[in-house]
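Trainee: Below is one structure. I have some questions about it.
Read the figures in this text as sums done on the coordinates, not as results from a lab. Keep in mind that what you see is a predicted model, and the values were worked out from it rather than measured. Neighbour counts are summed over all protein chains in view; Cβ atoms, including those assigned to glycine, are modelled from backbone coordinates with ideal geometry.
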Amino acid sequence: MSDITQLTTYNNKLIGRPVLNLLTTSSTMDEAKELAQTGAREGLVIVADNQTKGRGRFDREWLALPGQDLTFSILLKPNFKKLHMLNMIISIAIQDMLTRLTEGTVDIKWPNDVLIAGRKISGILVESVLSSANTVDFAVVGIGINLNLDPAVMEGIEDSATSISHIIGKPVDKYEVLDNLLNLIDERYQAVLLGYNPRGDWSSRLSTIGNRIRVSNGSDTIIGKAIGVDSVGNLIIQTEQGTITVTSGDVTVI
Ligand code: BTN
């Protein structure tokens, strides 16, 4: 494919209608938010060849190879009761796409890291703007996927990251991956709008469940066994002090 004009998202119900392709931006999250504020429609996708301030969870830097990796955001407008499902369906779609492409095992680490052989290959960032306590104005879902980067030359993530090309041993076509993924996300999002609850599917795919883990959240650390997720996807941990529910944090298997 290797050409954005070949995308098939015009067949989708919502996602990728349209897709905007930018050469460079600070972050596709901010571009999507600005367009949302001026009335952009649900389903808009913004892809950037290069982000000068790509960010991850907890405001960490997101590194990518300009032009070679996939960095994009999707504008969505779910109702409040479905907001927590975005992270679930996106990680499911990424796992399905990567499993097909690499023919190997792809793990989802709670809440939304996608890993292959213990190394991160994709990250998801959901940022939402509410107009009242339980009214969603819009949500922006940011997705970064390492397609062609060589982790060995990426300072800071050389021991913790991997990429599709590194795994399959050949370059990866960015727009083909984007096209497949947007189709899968469109299907899952439609299902959610029609009443599908992805919680069961998602929790059964989480590699975190069943392991002894450490969760760090700022200065707090919790150690225990991950035993499941609650109805909105928070992690339930059995500790020596009893059962604790965690809403966010960094998980390490110990
Ligand atoms: C994480 O793993 O912490 C989430 C990473 C999300 C990165 C993507 S890249 C596209 C979008 N724009 C950003 O600035 N961040 C997200």
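Trainee: Would you calculate the volume per residue, in Å³, of the smallest convex hull containing every Cα atom of segment 208-253? Intermediate results must be reported in sequence, preceding the final value.
Mentor: On the way: hull volume 2.8 nm³, N = 46.
So the per-residue Cα hull volume is 60 Å³.
Trainee: Subtract the Cα-Cα distance of residue 132 and residue 81 from 0.36 nm times their separation in residues, and report this length gain in nm to one decimal.
Mentor: On the way: separation 51, 0.36 × 51 = 18.36 nm, distance 1.34 nm.
Stretched out fully, the residue 132 to residue 81 stretch lengthens by 17.0 nm.
Trainee: Roughly speaking, what is the centre-to-centre gap between segment 123-193 and segment 60-88 when only Cα atoms are used, to the nearest Å?
Mentor: Cα centroid to Cα centroid, the span is 6 Å.
Trainee: Between segment 197-216 and segment 230-254, what's the alpha-carbon centroid distance in Å?
Mentor: 9 Å
Trainee: Under 5 Å between amide H atoms, partner at least 5 residues away or on a different chain: which partners does residue 249 have, H built in plane at 1.01 Å?
Mentor: none
Trainee: Pairs on different chains or at least eight residues apart, Cα atoms closer than 25 Å: how many lysine pairs in the chain fit?
Mentor: So the count works out to 22.
Trainee: If you place +1 on the Cβ of every Lys and Arg, -1 on the Cβ of every Asp and Glu, and leave all else neutral, what size is the dipole of segment 1-121 about its Cα centre, to the nearest 20 Debye?
Mentor: Working: 15 positive and 13 negative charges, 98 e Å.
In debye, rounded to 20, segment 1-121 gives about 460.
Trainee: As a check on your grasp of the helix formula, calculate [θ] at 222 nm for the chain: sum -39500 (n - 2.57) over DSSP H runs of n ≥ 4, divide by the residue count, round to the nearest 500.
Mentor: Using -39500 (n - 2.57) per qualifying helix, the result is -7500 deg cm²/dmol.
Trainee: If you stretched the chain out fully between residue 103 and residue 238, how much longer would it get, using 0.36 nm times the residue separation minus the C-alpha to C-alpha distance? Working shown, then result.
Mentor: On the way: separation 135, 0.36 × 135 = 48.60 nm, distance 3.37 nm.
The span from residue 103 to residue 238 would gain 45.2 nm if fully extended.
Trainee: Please turn the phi angles of segment 240-248 into ³J(HN,Hα) values with the Karplus equation 6.51 cos²θ - 1.76 cosθ + 1.60 (θ = phi - 60°), one per residue in order, whole Hz, x for glycine and proline.
Mentor: Along segment 240-248, the couplings run 5, 8, x, 8, 10, 9, 10, 8, 7 Hz.
Trainee: At a 10 Å Cβ-Cβ cut-off, how would you order 175, 189, 10, fewest neighbours first?
Mentor: On the way: 175 18, 189 27, 10 9.
Least crowded to most crowded, the residues run 10, 175, 189.
Trainee: Here is a follow-up. How large is the Kirkwood hydrodynamic radius of the chain, in angstrom, based on all distinct alpha carbon pairs? Show your work: numbers first, answer last.
Mentor: On the way: mean 1/r = 0.0537 Å⁻¹.
One decimal place: 18.6 Å for the Kirkwood radius.
Trainee: Among 136, 169, 157, whose Cα sits farthest toward the positive end of the charge dipole of the chain (+1 at Cβ of Lys/Arg, -1 at Cβ of Asp/Glu, about the Cα centre)?
Mentor: 136
Trainee: In whole Hz, what ³J(HN,Hα) sequence does segment 75-83 give by Karplus (6.51, -1.76, 1.60; θ = phi - 60°), x for Gly and Pro?
Mentor: Each residue of segment 75-83 in turn: 8, 10, 9, x, 7, 4, 5, 10, 4 Hz.
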